[in-house]
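Heads up: the structure comes next, in structure tokens.
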Amino acid sequence: IEHLKEVIIEDSIGINDELDKRMQHLVDTYHDEWAVVVNDPERRKKFKQFVNTDENQERQEMIEFVDMRGQLRPANWPADGQPQTNWEAPKSDIFANSEKKWVTVGKTSDFPKNAAGAILYGETQLAVFNNEQRGEWHCTQNMCPHKQAFVLSQGMIGDVNGTAKVACPLHKKNFDLESGAEIGGDLQIITFPV
């Protein structure tokens, strides 16, 4: 017990001094990383909701909230098979009779490499994927049909047996970026030429 007293209370081996030096170094070198981003327009661009506009869609437009003890929280996901789940893309070509034209949504440098950026076209959210590793670009709806959340642009892109895919960040549903078909499932997303 005497030895413990010497080490802990009297700091006989210098642990307290070493910890004090480390803490002072932390205090002396600390900087607020988010303040740096907020004050740097180039870094702040990475956190825009949409690549092609400064417009925002309010969270209430995309997520249902419920009151819990005076505070708002996102509502629980409905069970599969309930309304607002497993949205089905139209079976026919919904654009067959539409006028088609190319639309500029940004510069290639606006989109992160090997990831995606969300764009707003009218009131529609789309996800534009820059798969630099494969030298490919893809565009899909941003809404995952499983729970109808606007999150596909935040999903991880990858490859399944040579097929470019995105994995929904919420429930890991995988979609073929070319055809829009769910890999290993029945869901479908709408894809667009890039």
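The values are calculated or read from the model by the stated rules, or taken from the named source; none is laboratory data. This is a predicted model, so every value here is computed, not measured. FYI the Cβ positions are ideal-geometry reconstructions off the backbone, even for glycines, and counts take in every protein chain you see. Only protein heavy atoms, including side chains, enter the accessible area calculation; ligands, DNA and RNA are left aside. Shrake-Rupley method; radii C 1.70, N 1.55, O 1.52, S 1.80 Å.
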Inset, instruction - Determine, yes or no, whether Lys91 is under 20 Å from the mean Cα position of the chain (by Cα), among the charged types (D, E, K, R) and either farther than 29 Å from Glu42 by Cα or in a loop (DSSP other than H, G, I, E, B) (or both). - result: no
Inset, instruction - Select, from Thr29, Thr53, Thr85, the only residue that is among the polar types (S, T, N, Q) and more than 30 Å from Ile189 (Cα to Cα). - result: Thr29
Legend entry - Residue list for the range 109-133, restricted to those being surrounded by fewer than 16 Cβ atoms within 10 Å (Cβ to Cβ) and either more than 20 Å from Asn52 (Cβ to Cβ) or touching a Phe, Trp or Tyr at 6+ places or on another chain (Cβ under 8 Å) (or both): Gln133
Inset, instruction - Would you mind finding the one in Asn97, Asn76, Asn56, Asn86 that is open to solvent by less than 70 Å² (accessible area, probe 1.4 Å), within 26 Å of Cys144 (Cα to Cα), in a loop (DSSP other than H, G, I, E, B) and modelled with pLDDT under 90? - result: Asn86
Legend entry - Residue satisfying all of: in the range 32-53; modelled with pLDDT of 90 or more and in a loop (DSSP other than H, G, I, E, B); most open to solvent (accessible area, probe 1.4 Å) among these: Asn39
Legend entry - Single condition Trp102 does not satisfy, out of (1) over 30 Å from His171 (Cβ atoms); (2) at pLDDT 90 or above; (3) assigned to a helix (DSSP H, G or I): (3)
